[in-house]
Amino acid sequence: MRGMHRRIEGSRWAQFVAARPGWVLAAALLLALVSITQLGELRFDARTEGFLPENDPVRVEFNAFRDYFGRSEPVVLAVRLPENLGDRAFLERLRALHRDLENEVPYLSTITSLVNVRHLEAHGDTLHVGELLEEMPRTVEELAAFETTVRASELYTNLVISPDEAWTLVAFETEYEIGEAVDPLSFEPTGADRREMGPGEDADVIAAVHEIVSRHRADGFEIRAGGGILIQNRVTTSLRVDFVRLLFLAMTVITVLLILLFRSLLAALLAVAVVALSLVGTLGCMAVFGAPVGVGSQILPTFLLAVGVGYAVHVLTVFRQKRASGRDRRLAVIAALDHSGKPIVLTAATTVAGLVSFAPAGLIPVAQIGVFAPLGVAFAALYALSLLPALLVLCPLRVPEARSRPSGATARRLVAVGDWALRHRLSVFAALGIVWAAAILGALQLRTSHDPLAWVRNDPELVETTDIVDRHMGGAGVLELLIEAHPGKSLRDPELLAAMDRLESRILDLEVGPLRAAKVLGLHRIVKELHQELHGGDPAWYRVPDDSVLLAQELLLFENGGSEDLEKWVDSTYRVGRMTTRIPWADAYHIVPYAEELQRLARLELGEHADIKLGGLQTLVTRAFVSVNEILIESYLIAFVLVSLMMVVLVGDLRVGLVAMIPNLTPIVVALGFMGWAGIPLGTLTMLVGSIVLGLAVDDTIHMAHGFVRHQRAFGDPQAAIRATLRTTGVALLFTSLALVCGFLVYGFGSLTTMLHFGVIAALSISVALAADLLVLPGLLAWLYEDRSGPAAEAIPIEGWAVDAR
């Protein structure tokens, strides 16, 4: 093990960089140039569809539903109704809005409103299936008849009109796939080479909607836009805007901090250059592999900025110290790499170990962090140990001697803190126990969450529209059931349709937590309406007919009546159908138990006739929610085991490695406790805090432990070793921790609440990690070594430092 340490800490690489800085610089810039050429392919996508891999069973079922019935996530426009439902001027404006949406919104699949909602009229043996406003009522009598028809139809309530007649809803769905290939000879679509609609197409849809709404919105015609597609697009847009804005802000803040630390603009720019190129390399790799920037990977820029700056600060600090002692630039670079090279390699390795625990995650945004964050850490370490030293050799960086001595005011204060921690270590340990107890109590109150609407609370129209639809129309959320009839059966069987009717009644009575369905739609509803209308509109006939022959005849009449409504609810063979349940928009925390009970009821009523699967976007939401719980336990356990092993192996001392995990775990426990007490749920992003902070906290601990072991071998006195470590490594750790805290607090200026929560929790955790390393770790190390005296048999010389560590 010691031989391995010597190889890592040898000076061959340092001598190579110092002797050939031009070659190193050229290689680094070539690598950066290759990465930059790929940035044009980088995409942003925060849609829930991209949360699960294609082979995930839930994603397979989700895609199966879409293959049959397309995209079921509607865009909704809530239009306020006038006092008089039969106001002809209002109806004219509503029809104009409907027509413009129908004609101008790209990729539109279906649209439903008071204008075209299904209206049945039977005349003898003929049936006409038309639109409610197929002809605009003109006379007072016709307008009164229109009002009567709307109020009499149970179908229209909570579908296109609210029960209190305050709002009417215009809802439309977009295509699932686009881009049909065209036959070069006939110019007819071939149906080949189709692809799923992406964020770009969604953005085109939403831009058209906003333009049409702004054109029609006026006094007396209030329109509000909402729906899942708008919410997801708002998240994606916020990520894209915040990505650039927060990165610029974080770089500005950290550059200012580095200028204050080094009293040199050039030194600050050199450190930032290391980070910028590591970020470019990471994003270039994401573009090459087609990985979009999403909810998880949004944190990469600031995270890598903070990590890379930490590495650069360690190299720059020692370089300046050696230059201040009179060495030329090349020798100072060699000394800086010999002193900081090994800790940087070790901290990068442990940070990677903490992050790769997310790679096997079942959620793509989380798995991407486990793949590309470690890659970014590797880039940062590589550039810190190659590009930065080469630039230090080539650039005339002036270092005033008085400002580079380790015996400055900051170092003296850190030593004083360490001395105090040693004198009062029992009190520190007792306080640590109290903090852990309080944090564990808070952590027990944690709950998981997935609610994109909660992320965009700064978009009042989306929030208000969703609230309006929830309160007045019964719900802005949709749960889908995919019904696949057993062999020998079909959805034309009266028994299966009657079972669907019974299931609807049970769903409408179902209440789980805050969720209760407002509307259930399916083929059985069409059959009941049809049967009633063909019997003179008598409510007594609003039921599924018992006779399969009669049922088939009535459905044939409906098919020939001029409507395409059947395509929404059943395939052409009547083997596969759907039932749609409208519920209020809710956090997945509430949707999961509701969806489970819904599926249980469906299998209970329909299981004898058909196979039942959950479909639609909410299915992915529930799966993502369950995955958060699974990933939380698995990734944290993996990260803890990997980091613990690496601490022991790389520090080179079993006892130091194991004991050092106490201050490393403290920030995670405190973070989880803080979230529990503050009511911040664990979501797709906040759940990443633990492993990320573990990796970052271990960075500081390794620097401290590595420095302590070296000084302990030289001095043979734990207190002297701790003082020397605080004078050297402590200053760099203080400023890197400050950079990390400021970098993460920048997320508070983001547009999404989940980013704010992540930034606050990460900043708190880094602060706790620093406090643990300065207050807890010295006492633990002194306790381990207090029975040892005198230098170790193989003392490692600490070049440039006096033996007197007072």
- Query: Which members of the stretch 223-240 meet the condition of being hydroxyl-bearing (Ser, Thr, Tyr) and either out of contact with any Phe, Trp or Tyr (no Cβ under 9 Å at 6 or more places or on another chain) or open to solvent by 10 Å² or more (accessible area, probe 1.4 Å) (or both)?
  - Reply: Thr237
- Message: Is it the case, given these coordinates, that Val315 is touching a helix residue (DSSP H, G or I) at 6+ places or on another chain (Cβ under 6 Å) and open to solvent by 30 Å² or more (accessible area, probe 1.4 Å)?
- Response: no
- Report, by residue number, each residue of the stretch 67-88 that is acidic (Asp, Glu), within 29 Å of the chain's Cα centre (by Cα) and within 24 Å of Thr465 (Cβ to Cβ). Glu73
- Task: Could you run through the stretch 274-290 and say how many residues are crowded, with 18+ Cβ neighbours inside 10 Å and out of contact with any helix residue (DSSP H, G or I) (no Cβ under 7 Å at 6 or more places or on another chain)?
- Result: 1
- Message: Just checking: which of the helices (runs of 4 or more DSSP H) contained wholly in the stretch 522-570 hold 3 or more residues that are among the charged types (D, E, K, R) and open to solvent by less than 50 Å² (accessible area, probe 1.4 Å)?
- Response: 523-533
- Task: Would you mind finding the one in Val356, Val366 that is closer than 27 Å to Val272 by Cα, open to solvent by 30 Å² or more (accessible area, probe 1.4 Å) and at pLDDT below 85?
- Result: Val356
- Would you confirm whether any residue within the stretch 212-219 is open to solvent by less than 10 Å² (accessible area, probe 1.4 Å), more than 27 Å from Thr753 (Cβ to Cβ), at pLDDT 90 or above and not in a loop (DSSP other than H, G, I, E, B)? yes
- Query: For the stretch 258-271, how many residues meet the condition of being surrounded by fewer than 19 Cβ atoms within 10 Å (Cβ to Cβ) and closer than 17 Å to Val741 by Cα?
  - Reply: 2
- Message: For Thr619, only one of the following conditions fails: (1) of a type in the set (Ser, Thr, Tyr); (2) in a helix (DSSP H, G or I); (3) surrounded by fewer than 18 Cβ atoms within 10 Å (Cβ to Cβ). What is its number?
- Response: (3)
- Candidates Arg506, Arg516 - the one that is touching a Leu at 6+ places or on another chain (Cβ under 6 Å), within 18 Å of Leu598 (Cα to Cα) and surrounded by fewer than 21 Cβ atoms within 10 Å (Cβ to Cβ): Arg506
- Message: What are the pairs with Cβ atoms under 9 angstrom where one residue, in the stretch 343-369, is under 15 Å from Val307 (Cβ atoms) and the other, located anywhere, is outside any helix (DSSP H, G or I) and modelled with pLDDT of 75 or more? Sequence gap at least six, or different chains.
- Response: Ile369/Gly296; Ile369/Phe358; Ile369/Ala359
- Message: Being in a helix (DSSP H, G or I) and farther than 27 Å from Ser278 by Cβ is the filter here; which residues of the stretch 221-255 pass it?
- Response: Gly228, Ile229, Leu230, Ile231, Gln232, Asn233, Arg234
- Note on the structure: Taking the stretch 541-563 and keeping only residues that are under 14 Å from Gly522 (Cα atoms) and either under 45 Å from the mean Cα position of the chain (by Cα) or basic (Lys, Arg) (or both), one is left with Arg543
- Query: Could you say whether any residue in the stretch 464-482 is free of Cβ contacts under 8 Å to residues at least 24 places away in the same chain and open to solvent by 30 Å² or more (accessible area, probe 1.4 Å)?
  - Reply: yes
- Output the number of residues of the stretch 593-613 satisfying the condition of being open to solvent by less than 20 Å² (accessible area, probe 1.4 Å) and either among the basic types (Lys, Arg) or modelled with pLDDT under 85 (or both). 0
- Could you please tell me which pairs satisfy a Cβ distance under 8 Å, a separation of 6+ or placement on different chains, a first residue in the stretch 150-174 that is farther than 14 Å from Gly227 by Cα and open to solvent by 40 Å² or more (accessible area, probe 1.4 Å), and a second residue that is assigned to a loop (DSSP other than H, G, I, E, B) and modelled with pLDDT under 90? Arg151/Leu85; Glu165/Leu85
- Message: Out of the helices (runs of 4 or more DSSP H) lying entirely within the stretch 422-482, which hold 2 or more residues that are at pLDDT 90 or above?
- Response: 425-443, 460-473
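The values are calculated or read from the model by the stated rules, or taken from the named source; none is laboratory data. As the structure is a computational prediction, the values presented were derived from the model and not from experiment. Ideal geometry is used to build each Cβ from the backbone, glycine not excepted, and the neighbour counts take in all protein chains shown. All accessible areas refer to the heavy atoms of the entire protein, side chains included, with ligands and DNA or RNA removed. Shrake-Rupley method; radii C 1.70, N 1.55, O 1.52, S 1.80 Å.
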